[in-house]
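Data first, discussion second: the structure below is written as structure tokens.
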Amino acid sequence: MLLRTFGWSFGITAAGLALAGLLWGWQGLAVVAILSVLEISLSFDNAVINAGILRKMSPFWQKMFLTIGILIAVFGMRLVFPVVIVAITAKLNPIEAVNVAINDHDRYESLVTSAHPAIAAFGGMFLLMIFLDFVLEDRDIQWLRWLERPLAKLGKLETLSVVVAMVVLMIAATTFATSVPVHGGHGTIDKGATVLLAGIGGLVTYLIVGGISSFFENRLEDMEGDEEEGKEGETAGAAKKNGSSVVGLVGKAAFFMFLYLEVIDASFSFDGVIGAFAITNDIFEMALGLGIGAMYIRSLTVYLVRKGTLDDYVYLEHGAHYAIGALAVILLITIKYEINEVITGLVGIVLIAASFWSSLVRNRRLEAMGENSENKAEVTSGV
């Protein structure tokens, strides 16, 4: 299973590194390899989150995630997206923006860096909403009970996550936003309004994409529940009356969940793209290195789904969501202050490692309880 799942990643890694060495020599090969490791370290928690969503989807949509999804992740977010950001923020036409990215690396880096507050606000708010909706939901399995129990009680208040997110955004817009000089040196521009608008954009995007995918997923679960209760005839009649079918509903649910996955991936890629400038400002080296890392994240996602890892280690999903919350806060702080990418990556890895260890301890405890129960039963029955 390991080779079948990671085979494409291994092959693309070999081809990518060979291409980097051919085009840019040993130095370019080293840069691409470092960027690949950076992307994997920053996005491991992304794989756990993706696996929690992907396991609900059919094998067809899992393949779509590995094919169409990887094209969007590599070429869309790691190559096209930074150029689009440059075109919008610098008010350049697409051709000029591409020319800057290819031929004027220093200016390209400067333009992308200047757009960081808006990027961080959008991605930070989207990830913060994912975290808040998770910790404010009442769950049967809780990892940090001392924290999750009271939060679950607070979560009974509707729209609390939106209120908390808006408060955080206003604090970020007024505290972390900075003023930058206008070209020519005449006055400054306040980034607070930019941060506020971008953050609202991230919040609205989450509510729209997440809301639609949840709507179709709930409808699908309701229809499956009706079938289990022996209401196949009524369900089929309702589907015909509405001019749809169960298959169509599954397609819609999977499609919007696929979109939701891609937006999550986009939010996770922001810090990787910005952090890559600390290593290189060559757009093609950046896209190749980050693309190789993104490929491994996707393969790891499918591996977690096929192995049923999230079912065996039940706190992994909790750890990944706490890592998302930490990343959201870090993104918002980086609107004004620089935080090393090593710290960002380590925070996520430590939280996931802690949740994995807690899951192991839980599994051992349950096994011990099961063995004790069996021994008691044998003694009682006289066996």
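A short reminder: the numbers here are calculations on the coordinates, not readings from a lab. Model, not experiment: these values are computed from the prediction. Note that we place each Cβ from the backbone using ideal geometry, even for glycine, and neighbour counts take in every protein chain shown.
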Under a point spin-label approximation (7 Å from Cα along Cα-to-Cβ), what is the Tyr337-Ser110 distance to one decimal in nm?
2.8 nm
Subtracting the Cα-Cα distance from 0.36 nm times the residue separation, let me have the gained length for Asp138 to Leu92 in nm, one decimal.
11.8 nm
Output the Cα-based Rg and Dmax of region 32-191 in Å, rounding Rg to one decimal and Dmax to a whole number.
20.2, 59
Taking each pair of distinct Cα atoms in region 43-89 once, what is the resulting Kirkwood hydrodynamic radius in Å?
12.1 Å
In the P(r) worked out for region 91-154, what percent of Cα pairs fall beyond 18 Å?
59 percent
Net dipole in debye of region 20-116 [+1 Lys, Arg Cβ; -1 Asp, Glu Cβ; about Cα centre; nearest 20]:
460 debye
Projected label distance in nm at Val80 and Glu367, using a 7 Å step from Cα toward the beta-carbon
4.8 nm
Which of the residue pairs Lys56/Lys252; Lys156/Lys336; Lys252/Lys307; Lys153/Lys336; Lys63/Lys307 have a Cα-Cα distance greater than 24 Å in the structure shown?
Lys156/Lys336; Lys252/Lys307; Lys153/Lys336
